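Here's the structure, in structure tokens; my notes come after.
Values in this text are rule-based calculations from the coordinates and carry no lab data. Quantities reported herein were computed from a predicted structural model and do not represent experimental measurements. Positions of Cβ are backbone-derived with ideal geometry, glycine not excepted, and every protein chain shown enters the neighbour counts.
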Amino acid sequence: MKRMEFLNAHILSSQQFDRKDVEKIIKVARELEPVAQKKLTSDLLRGKLLASLFYEPSTRTRLSFEAAMLRLGGKVASVVGMENSSIKKGETLYDTARIVSFYSDVVAIRYSESGSTEAFSEGATVPVINAGDGANEHPTQALTDIFTIAKERKTVDGMTIAMVGDLKYGRTVHSLARLLSRYSVKLIFVSPPQLAMPQEIKHHLQEKGVFVEETENLEDAIRRSDVLYMTRIQRERFSDEATYKRFHGVYVLTKGLVERCNPHVLLLHPLPRCGEIHPDVDALDGAGYFRQAGNGVSVRMALLSLVLGKM
Ligand code: NCD
């Protein structure tokens, strides 16, 4: 199989990476980690400009993209929120992409509709990185998650990984499940039936021979997992507040629960947490979610450097 060409590539879905591509990104992220961790300075991306277009709320993803660019000596120009954009006036994503391509060397974009970043990329002449398109995908988060598991546990193969919460609307679990199909893993999906992982993704996993189990029982899943990936209920994707309230709080992790069921489990969460991980869990060695958020800078440094042909 032909290797993925990173130079000038759009990064739109975790489906575009095979295992060797993921390993390459992890290797580059490891190399750039001292810069991400503020131990070294770098001007690898000097003269390059990132357009950071965030039409949906974000803290970690936007700041880690911008920190990645700035710490590698590049520059950033940003649009934050629909209110501040021409899309609000009726401009298409295609037209915006044509224009932004004159001003920048690479684009990171988050938008509320599934498939929107792909539509944007059709008008772009510079590489476009999907920073979250509605409930669809969030590939840079999935790469950060795999980087974190590999770093914390030395391997991804052989792991049993449970994903918990809103698996229907959570874009991070969609991208992560697809990317994990490149490894030899077991997946346990823990959700209410109404918020189950989409069929299309389960079919994909089946085709790839990944062992998948679905349950509503969190305790049982904790006992049998090496990694527990918590997610929040995606409030903004529900048409009514009452349905959201019905599911909010359905799975809550406490220190006592983790210690009783499996004190060695690695705990991840893309964040923000909205009650599903009690703050007393933070004291556990296995509470990896803040380190995971930190890792986002190294991984995004790797992606920016690769698509700009600097690594
Ligand atoms: C996630 C997202 O935006 O999809 N956040 C993030 O990027 N770390 C998760 C979420 O909002 O639930």
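Farthest towards the positive end of the charge dipole of segment 194-311, among the residues VAL297, LEU271, ALA196, is the Cα of VAL297, using unit charges on the Cβ of Lys, Arg, Asp and Glu.
Only Lys, Arg, Asp and Glu carry charge here, each on its Cβ (+1 for the first two, -1 for the last two); on that basis the chain has a dipole of about 880 debye about its Cα centre. Using bins of 10 Å that start at zero, the share of Cα-Cα pairs per bin across segment 11-159 amounts to 11, 38, 36, 14, 2, 0, in whole %. I need the fraction of alpha carbon pairs in segment 99-208 separated by more than 22 Å, rounded to a whole percent. Here the long-distance tail beyond 22 Å is 40 percent of all Cα pairs in segment 99-208. For segment 167-206 and segment 78-125, write down the distance between their C-alpha centroids in whole Å. One Cα centre to the other: 28 Å.
Divide by every residue of the chain the summed helix terms, -39500 (n - 2.57) for each DSSP H run of at least 4, and state the resulting mean residue ellipticity at 222 nm, rounded to the nearest 500 deg cm²/dmol. Result for the chain, helices only: -12000 deg cm²/dmol. The lysines within cross-link reach of LYS245, meaning a Cα-to-Cα straight distance under 23 Å and a gap of 8 or more places when in the same chain, are LYS168. Multiplying the residue separation of ASP220 and ARG46 by 0.36 nm and removing their Cα-Cα distance gives an extension gain of 57.6 nm.
Cross-link reach is defined here as a Cα-Cα straight distance under 14 Å, omitting same-chain residues fewer than 8 places apart; for LYS208 the aspartates and glutamates meeting it are ASP18, GLU200. Taking the Cα atoms of the chain, the ratio Rg/Rh between the radius of gyration and the Kirkwood radius comes to 0.96. Relative to the longest principal Cα axis of the chain, at what angle does helix 289-307 sit, 0 to 90 degrees, rounded to 10? For helix 289-307, the angle is close to 30 degrees.
Once you divide the Cα radius of gyration of segment 189-274 by 2.2 N^0.38 Å, the number left is 1.18.
For segment 236-311, a Kirkwood radius taken over Cα pairs fed into Stokes-Einstein (37 °C, viscosity 0.692 mPa s) yields D = 219 µm²/s.
Measuring how big segment 146-295 is from its alpha-carbon positions, Rg and Dmax come out at 14.4, 43 Å. Counting only Cβ charges, +1 for Lys and Arg and -1 for Asp and Glu, the dipole size of segment 203-275 around its Cα centre is about 280 debye. Subtracting the Cα-Cα distance of ARG260 and GLU83 from their residue separation scaled by 0.36 nm leaves 59.0 nm. For the peptides 276-284, 292-300, 53-61, the ranking by packing is 292-300, 53-61, 276-284, with the highest mean count of neighbouring Cβ atoms within 10 Å listed first. About its Cα centre, the dipole of segment 145-232 is roughly 300 debye, where the only charges are +1 on Lys and Arg Cβ and -1 on Asp and Glu Cβ. Contact order, relative form, for the chain: 20 percent (alpha carbon pairs under 8 Å, 6 or more residues apart, mean separation divided by residue count). Extension gain, GLU200 to VAL252, is 16.0 nm, computed as 0.36 nm per intervening residue step minus the present C-alpha separation. Between the alpha-carbon centres of segment 264-283 and segment 1-47 there is a gap of 27 Å.
Overall shape: prolate for segment 24-106, with the ratio a/c of the largest to smallest alpha carbon gyration tensor axis at 1.5 or above and a/b above b/c.
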